[in-house]
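Some notes on the structure that comes next.
The values are calculated or read from the model by the stated rules, or taken from the named source; none is laboratory data. Predicted model only: the values in this text are computed from it and were never measured. Cβ: placed from backbone, ideal geometry, glycine included. Neighbour counts: every protein chain shown. These area figures cover heavy atoms from the full protein model, side chains too; ligands, DNA and RNA do not enter into them. Shrake-Rupley method; radii C 1.70, N 1.55, O 1.52, S 1.80 Å.
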Amino acid sequence: MAEKEINYNTPPGRLFFRFLQWREKHIKEKNFVLVLAFLVGVFSGLAALVLKFLIHSISEILTTHVNPEAGNILYILLPAIGVILTSLFVRYLVRDDISHGVTRVLYAISQNKSRLKRHNMWTSVVASSVTIGFGGSVGAEGPIVATGSAIGSNLGRLFHMSPRILMILVGCGAAGGIAGIFKAPIAGVLFTLEVLMLDLTTVSVMPLLISAITSTTIAYAYTGYEFEFFFAQTEEFYTSRIPYVILLGLVCGLMSLYFTRVMNMMEHFFRSFRHRWLKTLTGCLILSGLVFLMPPLYGEGYGSITELLSGNAPAVVDGSLFYADRNQVWFIALFIGLVVLFKAFATSATNGAGGVGGTFAPSLYVGCLTGFLFAYIANHLGFAELSMKNFALMGMAGVLAGVMHAPLMGIFLTAELTGGYELFLPLLIVSTISYGTIKIFEPFSIYTMRLAQRGELLTHQKDKAVLTLLKIDNVIETDFLPVKPEMSLKEMVDTIAMSKRNLFPVIDDNGKFVGVVLLDEIRNIMFRPDLYRRMRVETFMTMPPAKIELGSGMEEVMKTFDNTGAWNLPVVDHGRYVGFVSKSKIFNSYRRVLRHYTDD
């Protein structure tokens, strides 16, 4: 979809242009950013309200007549219908890929100067509300992050903000989206620091806080001061339970690893389909079958979380074909265990079939069931007397911290969602151990691993971050005079006389790079006329120590320079000569980008 710019030749355009000029003269950039952060918080908070309203309204309308005491045929049809409607909307109206919302925000920050398309401000809201409202087993948090980030990006572009400020506003939108949908301002800020990996500097801290607080205030004003999940700690936590908390942290870390690996496996499975509608049909069959057998997989699953945090385990079996067995201990444990194992399949089937949703809510859901099941089994096997709802709360923090690689966000989001601040110490223990466990096996989160594999991930490490922001296309030098292998030494000397550089790429008739001539290496023969006719370029050209492939990441380029000790290296595109890249050019660009993006 084409992006239209403001026409400054129209009366509204001229008026807006005069405002921009007035703003530059009278309002400092650092103060104006705070105003924009407030606006981003307002709009992202309203977007979160709209998204939650649409999801709940659609779900309520469709499930009003579902019989809760037995399996219902609607559980087969509704998720598939929702995914198909979403696929049609994305394919024929949006005409752009809007899946993997958080990953796309990360890509925009690291590779696209924090620019997100305008349609991203609303398309994810529409698509995810249909997907989740009809029973897709995904969450709304990924789409609201994409929506809020797009609001921040486009609002910043409207006022001609620099890429450095755009990056902050994108983070403000993400923080506002998380804060608004969860009523969790601290978690919103921590999300931008741990998941989007923005640096907390003197420039960024106030805008992030303003957006998160503003969005949360709007959520409180329209939906009240109740927590997202009601949790009352009626069972005191004892320090003697800490060994079990540590063990739960290990279990949550391994469950996070399982969830991540299954999501990746299923993503590769769906990517192998060449026919779009065959992929949609396959995903719909998997999703509908799982939801029919295990109704807790329907939608976000927040109803099951509420029941478990209240200690009502039999309610999880409601709506299934196995309703009659809902009070049997062994069956409840088996059923919850199967739901935990198959949630990742249901989530990936929803997205793989063409639905739009995130993995945020599924992570919370799996964590809650994992923690509850851990305590449930320990109690009935006689190992200990553990509070099942307390451990369900800890499990939420543990799996979220592991899947997202965000331990602080896992702790504070769980506390802000439920009001469970009394369990802060065990939440801290579970989240830390879960994060440490999965880091052994997976160095990157479910959002960042795709970009990390391509060398396109922006991290907190300044050197790697700046190199990621650099593009090899911007440091290629092309003012080198090429020569051909069959040219004589006389023609080579004539070329040297016209050149301002001291090296010359050797290129054949097909444009292929075949070597290089260094001025220093032929200086001893270039003044011998007796060799002018006899010697050819192919006899004295050399091969460089390495070649850089066009499109390589700058971190890989710098490793090549370090390994070879070269100062200049040729850049080729599948063997065809493109130009040269030099250390000096990279260092100059590095310093410029470093000042541009990290100036406080």
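So which helices (runs of 4 or more DSSP H) stay within the stretch 36-139 end to end and still have 2 or more residues that are open to solvent by 40 Å² or more (accessible area, probe 1.4 Å), without any contact (Cβ under 8 Å) to a residue 24 or more places away in the chain and of a type outside the set (S, T, N, Q)?
Hits in the stretch 36-139: 74-89.
Pairs only if they're at least six apart or on different chains, beta carbon under 7 angstrom, first in the stretch 568-585 and in contact (Cβ under 8 Å) with a residue 12 or more places away in the chain and open to solvent by 10 Å² or more (accessible area, probe 1.4 Å), second among the hydroxyl-bearing types (Ser, Thr, Tyr) and outside any helix (DSSP H, G or I); list them, first residue then second.
From the stretch 568-585, the pairs are Asn568/Ser582.
Restricting attention to the stretch 540-554, does a residue exist that is surrounded by 18 or more Cβ atoms within 10 Å (Cβ to Cβ), at pLDDT below 85, aliphatic (A, V, I, L, M) and under 25 Å from Ser110 (Cβ atoms)?
Yes, the stretch 540-554 contains at least one residue that is surrounded by 18 or more Cβ atoms within 10 Å (Cβ to Cβ), at pLDDT below 85, aliphatic (A, V, I, L, M) and under 25 Å from Ser110 (Cβ atoms).
Can you tell me which condition Arg536 does not meet? The list is (1) open to solvent by 30 Å² or more (accessible area, probe 1.4 Å); (2) more than 22 Å from Gly575 (Cβ to Cβ), and all the others hold.
Arg536 satisfies all of (1) open to solvent by 30 Å² or more (accessible area, probe 1.4 Å); (2) more than 22 Å from Gly575 (Cβ to Cβ) except (2).
Can you work out which of the residues in the stretch 401-421 that are in contact with a Phe, Trp or Tyr (Cβ under 7 Å, 6 or more places away or on another chain) and under 17 Å from Leu248 (Cβ atoms) is modelled with the lowest pLDDT?
Taking the candidates together, the pick is Gly420.
Of everything in the stretch 425-478 that's out of contact with any helix residue (DSSP H, G or I) (no Cβ under 8 Å at 6 or more places or on another chain), modelled with pLDDT of 85 or more and outside any helix (DSSP H, G or I), which residue is least open to solvent (accessible area, probe 1.4 Å)?
Per the criteria, the residue is Ile476.
In the stretch 155-179, what residues are open to solvent by less than 20 Å² (accessible area, probe 1.4 Å) and farther than 23 Å from His405 by Cβ?
Matches in the stretch 155-179: Gly156, Met161, Ile165, Leu166, Leu169.
Just to be sure before I move on: is Glu267 touching a residue at least 60 places away in the same chain (Cβ under 8 Å), farther than 23 Å from Gly357 by Cβ and acidic (Asp, Glu) in the structure I sent?
So Glu267 does not fit the description; no.
Run down Phe383, Phe374, Phe335 and say which single residue is open to solvent by 10 Å² or more (accessible area, probe 1.4 Å), assigned to a helix (DSSP H, G or I) and not charged (D, E, K, R).
Of Phe383, Phe374, Phe335, the one residue that is open to solvent by 10 Å² or more (accessible area, probe 1.4 Å), assigned to a helix (DSSP H, G or I) and not charged (D, E, K, R) is Phe374.
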